[in-house]
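Q: Got a structure for you, written out below as structure tokens; questions coming shortly.
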Amino acid sequence: MPELPEVETIRRGLQTAILNKKITDLQVKKHKLVKNKSSYFVDILKNSSIVDIDRVGKLLIFSLADKEHFLLVHLKMTGQLIYQSGGDIVAGGHNLGFEEGLPNKYSHIIFYFQDGSNLFFNDMRQFGYMELVKDKDKVIKRFGIEPGKNDFTLAAFKKIFKNRKITLKQILLNQQLVSGIGNIYADEICFRAQVLPSRPADKLNDDDIKRLFTATKYIIKKAVEKRGTTFSDYRDTSGKEGNFVKYLKVYGRAGKKCLRCGLENIKKVKLGGRGTHFCPHCQK
């Protein structure tokens, strides 16, 4: 699933590619990916333009020129937004080869711009969605503090652990508490902070929380710099893979020696229904 670093990379790519371009046509091939009525969705977007792109957590928020509507885009598990300028051929991602042009069988919503460029919403598993709303602030209020934003302070971070009898990993994955973190970065954050993801949140001491706070800022910032992580489906707006996979210490390394201690193999267990990676020697 694209997490904060991947979605931020996509936001930046689209910001330079599609702002203020007139949408001359729109094709919705899979209606279940649109939360509005498809006819309403097309009517509002056709002949409009996107004037700004914001993001909260893993959710993209497109501001329309009419200053009344906002387009929400959530990529969920396998969603992609691939931009194609006039004549360019880029990879469709997923398990398709680079020679596979666009649109392909996973291209479910297509935006056609006046300058001949296109934007493809691809989604192999079809869990992603687009939705037009009028109240942007109401949407933003659903999300918790976010690494990299002003509200992400040590005091605010400490507060979310108080009296919560759930695991550390459940805290990190709860978008109403901390927005933008998913399975990959939760495991990497816990490893860097040397804390087991299974620890009860209310049993963490101040030093644990401070290390987790510092690790969260570092991991998310580094992952954004490296344009996210690609295992199979994630691609940026140009169809390129993210580079942070080279920097992963535990995620996807089950059975391999820990890169920090070299003594134990990385373990993978189910925690709250999610595959969770950790080093039993380095993390306590």
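Q: Ranked from highest to lowest mean number of other Cβ atoms within 10 Å per residue, what is the order of the peptides 269-282, 149-162?
A: Sorting 269-282, 149-162 by mean packing, highest first, produces 269-282, 149-162.
Q: Okay, next question. Sort largest first and round to whole Å: the equivalent ellipsoid semi-axes of segment 154-278, each the square root of five times a Cα gyration tensor eigenvalue.
A: The answer is 24, 18, 13 Å, longest axis first.
Q: Pick out, from Ile145, Ile10, Ile160, the residue whose Cα sits farthest towards the positive end of the charge dipole of the chain, with +1 on the Cβ of Lys and Arg and -1 on the Cβ of Asp and Glu.
A: Value: Ile160.
Q: When you count, for each residue, the other Cβ atoms within 10 Å and take the mean per peptide, how do 224-234, 67-77, 4-14, 255-265 rank with the highest first?
A: Packing proxy ranking, top to bottom: 4-14, 224-234, 67-77, 255-265.
Q: Under a point-charge model restricted to the Cβ atoms of Lys and Arg (+1) and Asp and Glu (-1), what is the dipole moment magnitude of the chain relative to its Cα centre, in debye to the nearest 20?
A: Taking the Cα centre of the chain as origin, the dipole is about 1340 debye.
Q: Taking amide H atoms as placed 1.01 Å from N in the peptide plane, list the residues 5 or more away in sequence, or in a different chain, whose amide H sits under 5 Å from that of Asp52.
A: Counting only residues 5 or more places away or on other chains, the set is Ser63.
Q: Give me the dipole magnitude in Debye, nearest 20, for segment 154-278 about the Cα centre, with unit charges on the beta carbon: positive for Lys and Arg, negative for Asp and Glu.
A: Value, rounded to 20: 160 debye.
Q: On to the next question. When the Cα centres of segment 218-284 and segment 104-175 are compared, how far apart do they sit, in Å?
A: Centre-to-centre (Cα) distance: 20 Å.
Q: A follow-up question, please. Once you put a point 7 Å from the Cα of Ser38 and another 7 Å from the Cα of His281, both along the Cβ direction, what distance in nm separates them?
A: 5.7
Q: Further, regarding this structure: Please compute the contact order of the chain in relative form: average sequence separation of alpha-carbon pairs under 8 Å and at least six residues apart, divided by the residue count, as a percent.
A: Result for the chain is 19 percent.
Q: Tell me the mean residue ellipticity at 222 nm calculated for the chain from its helices only (DSSP H runs of n ≥ 4, each -39500 (n - 2.57), averaged over every residue, nearest 500).
A: Counting only the DSSP helices, I get -7000 deg cm²/dmol.
Q: By how many nm would the segment from Ser232 to Val51 grow when fully extended, if each residue of separation counts as 0.36 nm and the alpha-carbon distance is taken off?
A: Full-extension gain reported as 62.0 nm.
We did not get these values from a lab; they are worked out from the coordinates using the rules stated. Computed from a predicted structure; not experimentally measured. Cβ sites come from the backbone with ideal geometry, for glycine too, and all protein chains shown count toward neighbours.
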